[in-house]
1. One residue is enough: does segment 214-226 have a residue meeting the conditions among the small types (Gly, Ala, Ser), assigned by TED's automatic domain parsing to the domain that holds Ala157 and free of Cβ contacts under 8 Å to residues at least 24 places away in the same chain?
2. Any residue in segment 27-49 that's in the same structural domain as Pro66 (by TED's automatic domain parsing) and under 16 Å from Phe76 (Cβ atoms): show its pairings with residues that are hydroxyl-bearing (Ser, Thr, Tyr) and modelled with pLDDT of 95 or more at Cβ separation under 6 Å, as long as the two are six or more apart or on different chains.
3. Determine whether segment 189-201 contains at least one residue that is part of a loop (DSSP other than H, G, I, E, B), surrounded by fewer than 16 Cβ atoms within 10 Å (Cβ to Cβ) and touching a helix residue (DSSP H, G or I) at 6+ places or on another chain (Cβ under 9 Å).
4. Return the residues of segment 38-92 that are of a type in the set (Phe, Trp, Tyr) and over 20 Å from Ala20 (Cβ atoms); say none if nothing qualifies.
5. Can you tell me which residues in segment 109-138 are crowded, with 24+ Cβ neighbours inside 10 Å and under 14 Å from Val62 (Cα atoms)?
6. Could you look through segment 219-245, keep only residues that are surrounded by fewer than 19 Cβ atoms within 10 Å (Cβ to Cβ) and acidic (Asp, Glu), and pick out the one that is farthest from Ala179 (Cα to Cα)?
7. When segment 246-265 is examined, which residues are found to be in a strand (DSSP E or B) and either out of contact with any helix residue (DSSP H, G or I) (no Cβ under 9 Å at 6 or more places or on another chain) or closer than 21 Å to Gly180 by Cα (or both)?
8. I'm checking my understanding of the structure. Among residues of segment 144-177 that are among the charged types (D, E, K, R) and assigned to a strand (DSSP E or B), which one is farthest from Met215 (Cα to Cα)?
Amino acid sequence: MTDDAAPFSTHAPSPLAAAALALSRRTGSGRVSALVRSLCYRAAGGPGGGPFDLEIFGSQRVRLHPRGNLCEKRVFTSDLHWDTTERDFIAASAASGTGPFRFVDVGANVGLYTLWARAAAEEAGRPFRAAAVEPQPEMLRRLRFNIEASGASAEIAVCPWAATDVAKTLRFGTDGINAGTGKILDAEEAGSYAVEGRPLLDAVTAAGLDGIDVMKIDVEGAEYPALDAFFRTADRSLWPRAIIIEAGKGDLDQPPIRLCLAKGYRLAGRGRLNAILALGA
């Protein structure tokens, strides 16, 4: 039986691992707490790679492979401590509106941001509609499993392509260290492979969205062409009310962020590696 064919709970943590993860979730901030979480990660068997079947963000079900994919490692260790600034913003966005909460996850990886947005919508008592864009075959397999295990297949449109300016075939590859850092390559390299590229507007259409409350985009440096084409071709009613965009830890004077600011967005917050931009005053 393949990994994704085995039903959810097949890889439930052992009692020792469950106890270590429960302790990790109870830690606070600061270096000592970070050290405790690191020890809990090891005690729970994270370095072995898993997989582990867990419920995160309340009731979202995922199969995590913590070795070799940083976001899975961090959520496995403690979902409460992962990207808290961004998650708080998404939760506040879900709580502030009515009707379906519409989320677009560009570079969805294994679906953790999408499932958090779904949990936030459920907490706010709103229906949920989303598009999850992910071209990497292994990440795509994990994404689809997590969506199905969470009972979210009818709410989330999986878009198995890379976000680009126009439809085209691309070369794609990873650094071999962090599986979630796949990126578009300028030329064929050892270990690279072909993927389909499609404009962001195609994902909005695939999900049947009439607007976007929050878009998260993390595509390893390919944000500008995808966003530029979207702003040029999409009706303004489809522009995201907020964008969470990869920015790193340095200066925010970057082409995709400058583009968003020129389109009327403002800086609304900053997480560990992401900038949060909101449309309007």
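1. Just the residues of segment 214-226 that are among the small types (Gly, Ala, Ser), to begin with: 221-222, 226.
Narrowing the set further to residues that are assigned by TED's automatic domain parsing to the domain that holds Ala157 leaves 221-222, 226.
In the following step, the residues that additionally are free of Cβ contacts under 8 Å to residues at least 24 places away in the same chain were identified as none.
Scanning segment 214-226 turns up no residue that is among the small types (Gly, Ala, Ser), assigned by TED's automatic domain parsing to the domain that holds Ala157 and free of Cβ contacts under 8 Å to residues at least 24 places away in the same chain.
2. Every condition considered, the pairs that remain are Thr27/Ser33; Val36/Thr27; Arg37/Ser24; Arg37/Thr27; Arg37/Thr77; Arg37/Ser78; Cys40/Ser24; Tyr41/Thr77.
3. So in segment 189-201, the residues part of a loop (DSSP other than H, G, I, E, B) come out as 189-192.
If we keep only those that are surrounded by fewer than 16 Cβ atoms within 10 Å (Cβ to Cβ) too, we end up with 189-191.
Right, trim to touching a helix residue (DSSP H, G or I) at 6+ places or on another chain (Cβ under 9 Å) and you get none.
Looking for residues that are part of a loop (DSSP other than H, G, I, E, B), surrounded by fewer than 16 Cβ atoms within 10 Å (Cβ to Cβ) and touching a helix residue (DSSP H, G or I) at 6+ places or on another chain (Cβ under 9 Å), one finds none in segment 189-201, hence no.
4. Keep residues of segment 38-92 that are of a type in the set (Phe, Trp, Tyr), which gives 41, 52, 57, 76, 82, 89.
Of everything in segment 38-92, just one residue is of a type in the set (Phe, Trp, Tyr) and over 20 Å from Ala20 (Cβ atoms), namely Phe89.
5. Asn109, Val110, Gly111, Leu112, Tyr113, Thr114, Leu115, Trp116, Arg118
6. Once the filter is applied, the top-ranked residue is Asp235.
7. Restricting attention to segment 246-265, the residues satisfying the condition of being in a strand (DSSP E or B) are 246, 265.
Listed by number, the list holds a single entry, Glu246.
8. Within segment 144-177, the first condition is being among the charged types (D, E, K, R), and the residues that meet it are 144, 148, 155, 165, 168, 171, 175.
If we keep only those that are assigned to a strand (DSSP E or B) too, we end up with 168, 171.
Values: Lys168: 23, Arg171: 24 Å.
Taking the candidates together, the pick is Arg171.
The values are calculated or read from the model by the stated rules, or taken from the named source; none is laboratory data. Computed from a predicted structure; not experimentally measured. Reconstructed Cβ throughout: ideal geometry from the backbone, glycine too, with neighbour counts over all protein chains shown.
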